[in-house]
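The values are calculated or read from the model by the stated rules, or taken from the named source; none is laboratory data. No experiment lies behind these values; they were computed from the predicted model shown. Cβ sites come from the backbone with ideal geometry, for glycine too, and all protein chains shown count toward neighbours.
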Amino acid sequence: MASRLLWASRAASYFRISTFRRGFASVIEGLKYADSHEWAAVEGNSAKIGITDHAQNHLGDVVYVELPEVGTKVSMGKNFGAVESVKATSEIYSPVSGKVVEVNTELNESPGLINAKPYSEGWIIKVQMSDSSELNSLMDSVEYTKFCEEEDAKH
């Protein structure tokens, strides 16, 4: 489950396509992180969800985002949409279970917000959580940073 979003960079290295490494991507304190490289900003019983800077960096320029409908039920670890970049299409997995209460329709016109501002204007959905205890199995910023460093060291 861990490296689903990174297969594009492995393919690029296999074909000897150069990929620009800009040092380590930013990680924001206070967010929760899934090993599939999504983040959740929790406010009460809701969570705003997006993909991490690390993930967008590996994907390259995002050209399209497949968004779910408001009212869609999402489950922790299951996909709810996709991000298409110049390199590949990658599924997006929900770090929590619940119901989609808002989608970022700005991404329809400006999918590049995921690259430019992955933790702010590049958010993807807002979910009313059905089980906040799921947050306990997600990583904090320190754990996620270590996870990414170890994952990148393998490639």
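Take segment 119-153 and flag every residue that is assigned to a loop (DSSP other than H, G, I, E, B) and touching a strand residue (DSSP E or B) at 6+ places or on another chain (Cβ under 6 Å). Those that are assigned to a loop (DSSP other than H, G, I, E, B) and touching a strand residue (DSSP E or B) at 6+ places or on another chain (Cβ under 6 Å): GLY122, TRP123, ILE124, SER130, LEU138. The numbered conditions (1) buried (at least 16 other Cβ atoms within 10 Å of the Cβ); (2) among the small types (Gly, Ala, Ser); (3) more than 12 Å from the chain's Cα centre (by Cα) are all true for ALA40 except (3). Quick check on segment 102-118. Is at least one of its residues touching a helix residue (DSSP H, G or I) at 6+ places or on another chain (Cβ under 6 Å), outside any helix (DSSP H, G or I) and charged (D, E, K, R)? No; the residues of segment 102-118 include none that is touching a helix residue (DSSP H, G or I) at 6+ places or on another chain (Cβ under 6 Å), outside any helix (DSSP H, G or I) and charged (D, E, K, R).
Yes or no, residue by residue, for (1) assigned to a strand (DSSP E or B); (2) within 17 Å of GLY122 (Cα to Cα); (3) modelled with pLDDT of 95 or more:
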| position | (1), (2), (3) |
| --- | --- |
| ALA2 | no, no, no |
| ALA8 | no, no, no |
| SER18 | no, no, no |
| ARG21 | no, no, no |
| VAL27 | no, yes, no |
| HIS58 | no, yes, no |
| VAL65 | yes, yes, yes |
| GLY81 | yes, yes, yes |
| GLU84 | yes, yes, yes |
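Among the candidates SER132, SER94, the residue that is among the small types (Gly, Ala, Ser), over 21 Å from GLU149 (Cα atoms) and touching a Phe, Trp or Tyr at 6+ places or on another chain (Cβ under 6 Å) is uniquely SER94.
A quick yes/no check of all residues on (1) over 14 Å from the mean Cα position of the chain (by Cα); (2) surrounded by fewer than 18 Cβ atoms within 10 Å (Cβ to Cβ):
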site	(1), (2)
GLY50	no, no
VAL63	yes, yes
GLU66	no, yes
PRO95	no, no
TRP123	no, no
GLU143	yes, yes
LYS154	yes, yes
